[in-house]
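In what follows, a single structure is set out as structure tokens and then discussed.
The values are calculated or read from the model by the stated rules, or taken from the named source; none is laboratory data. A quick note: this is a predicted structure, and the numbers were derived from the prediction, not measured. Here the Cβ positions follow ideal geometry from the backbone for every residue, glycine too, while neighbour counts run over all protein chains shown. Calculation scope for accessible area: heavy atoms of the full protein, side chains included, ligands and nucleic acids excluded. Shrake-Rupley method; radii C 1.70, N 1.55, O 1.52, S 1.80 Å.
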Amino acid sequence: MTSFHRLGVTADHIGRVPAMRQEVLNIYPDAKLTDGSRRLGEAEVIEFLSDCDAAIVGFEPVTERVLTALPKLKIISKYGNGCESIDFHALKRHNVRFGYTWGVNKLAVAELTLGFMLMGLRWVMPLNVAMRAGERPGIRNGRFLTGRVVGIHGCGNIGKEVVRLLAPFNCKIIACDVKDYADFYKQWNVTPVSLDELLVRSEVLTLHLPKTKQTLGLYSRELLSKLQPGSVLVNTCRGGIVDENALLERLDSGALMAACFDVFAVEPAQNDRLIHHPNMLAAPHIGASTEETRLILVRAAIRGLTTATVVDPEDFYGV
């Protein structure tokens, strides 16, 4: 078991939610927590953790500069999923142990993904926009989710959970991933395909990719043009993977039936033309935002303090 003397919690989500703060204080009554009013930058992280040898972080920067300025800091546990703000090579150089639990938000994100699919296929967004504008639109036929070809780009923890939740809908599920999940695919009757085949065949395409150099901007104008006409595109993974201007063009042209996004290149989202498009369902990164998940996440972060190890950067590439 890993031991330490002083814990600092920079994760803003924990700081502003009383129930999560209390989860930490129940075990570490002397822990110091931010008020959660905003996310800390590099200099603020350094100042806040100056007297700490352990930390729970969210999306605050854990960089070479931060670790160099905090020689006492020897344990870091991650609250939530997504590690793009952490320099794992720097962690290894400074011999800082890291605690992380894979897939802790998978059910929450998968349930939201399923809801997006249903709403996209039933014209919920444009019909709701019309009704809010005082109109009373007539019947507009959507489509079943049942029996659709659903493509999953990225079949890790969340992608697998989406597959599980889709089972009652009897969909034809195809998946594209850099990893081979042959046993899982066989168990759940999922067909692995190339990226090109995924784009061409998917009637509903849902993205569950990490944000890496390889995936940033991956869904360019060229890639989006390959999507099946009339398809629904769902993104509950990371912003910046889809070119938002190119996406807007596809919605304007009617080539896409709907886009349902929980994540954007800049957050809070600033692309008003895209957000206000009647066929765009936008949410402010709420994928893990359930009462149940928040407690699961903070408990996993607390547990990570005692299970932390020196990690191989390659193990966390693109988390």
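Would you be able to say whether some residue in the range 248-255 is open to solvent by 10 Å² or more (accessible area, probe 1.4 Å), over 19 Å from L223 (Cβ atoms) and in contact with a Gly (Cβ under 9 Å, 6 or more places away or on another chain)? Checked against the condition, which is being open to solvent by 10 Å² or more (accessible area, probe 1.4 Å), over 19 Å from L223 (Cβ atoms) and in contact with a Gly (Cβ under 9 Å, 6 or more places away or on another chain), the range 248-255 yields no hits at all. Of the residues making up the range 208-225, those that are touching a residue at least 12 places away in the same chain (Cβ under 8 Å), open to solvent by 80 Å² or more (accessible area, probe 1.4 Å) and in a loop (DSSP other than H, G, I, E, B) number 2.
The single condition from (1) in a loop (DSSP other than H, G, I, E, B); (2) under 30 Å from A133 (Cα atoms) that L281 fails is (1).
Residues in the range 84-101 that are closer than 16 Å to A69 by Cβ, open to solvent by less than 80 Å² (accessible area, probe 1.4 Å) and not small (G, A, S): I86, D87, L91, H94, V96. Look at (1) farther than 25 Å from E292 by Cβ; (2) without any contact (Cβ under 8 Å) to a residue 60 or more places away in the chain; (3) more than 20 Å from the chain's Cα centre (by Cα) and you find that A54 fails only one, number (2). Every test in (1) under 30 Å from A282 (Cβ atoms); (2) among the aliphatic types (A, V, I, L, M); (3) at pLDDT 95 or above; (4) open to solvent by less than 60 Å² (accessible area, probe 1.4 Å) is passed by V104 save one, and that test is (3).
In summary, helices (runs of 4 or more DSSP H) completely within the range 1-101 and bearing 3 or more residues that are acidic (D, E) occur at 42-48. Selection of the range 226-237 for residues being assigned to a loop (DSSP other than H, G, I, E, B) and touching a residue at least 40 places away in the same chain (Cβ under 8 Å) yields T236, C237. Scanning the range 283-315 for residues that are of a type outside the set (S, T, Y), surrounded by fewer than 18 Cβ atoms within 10 Å (Cβ to Cβ) and touching a Phe, Trp or Tyr at 6+ places or on another chain (Cβ under 9 Å) yields a count of 9. Residues in the range 173-192 that are surrounded by 19 or more Cβ atoms within 10 Å (Cβ to Cβ) and of a type in the set (A, V, I, L, M) were compared, and the one that is farthest from S253 (Cα to Cα) is V190. Looking across the range 157-166 at every residue that is open to solvent by 10 Å² or more (accessible area, probe 1.4 Å) and touching a Phe, Trp or Tyr at 6+ places or on another chain (Cβ under 8 Å), the one that is farthest from L121 (Cα to Cα) is identified as N157.
Does at least one position in the range 94-101 carry a residue that is of a type in the set (K, R) and in contact with a Lys or Arg (Cβ under 7 Å, 6 or more places away or on another chain)? Within the range 94-101, one or more residues are of a type in the set (K, R) and in contact with a Lys or Arg (Cβ under 7 Å, 6 or more places away or on another chain). Just one of (1) basic (K, R); (2) more than 22 Å from the chain's Cα centre (by Cα); (3) open to solvent by 70 Å² or more (accessible area, probe 1.4 Å) fails for R38. It is (2).
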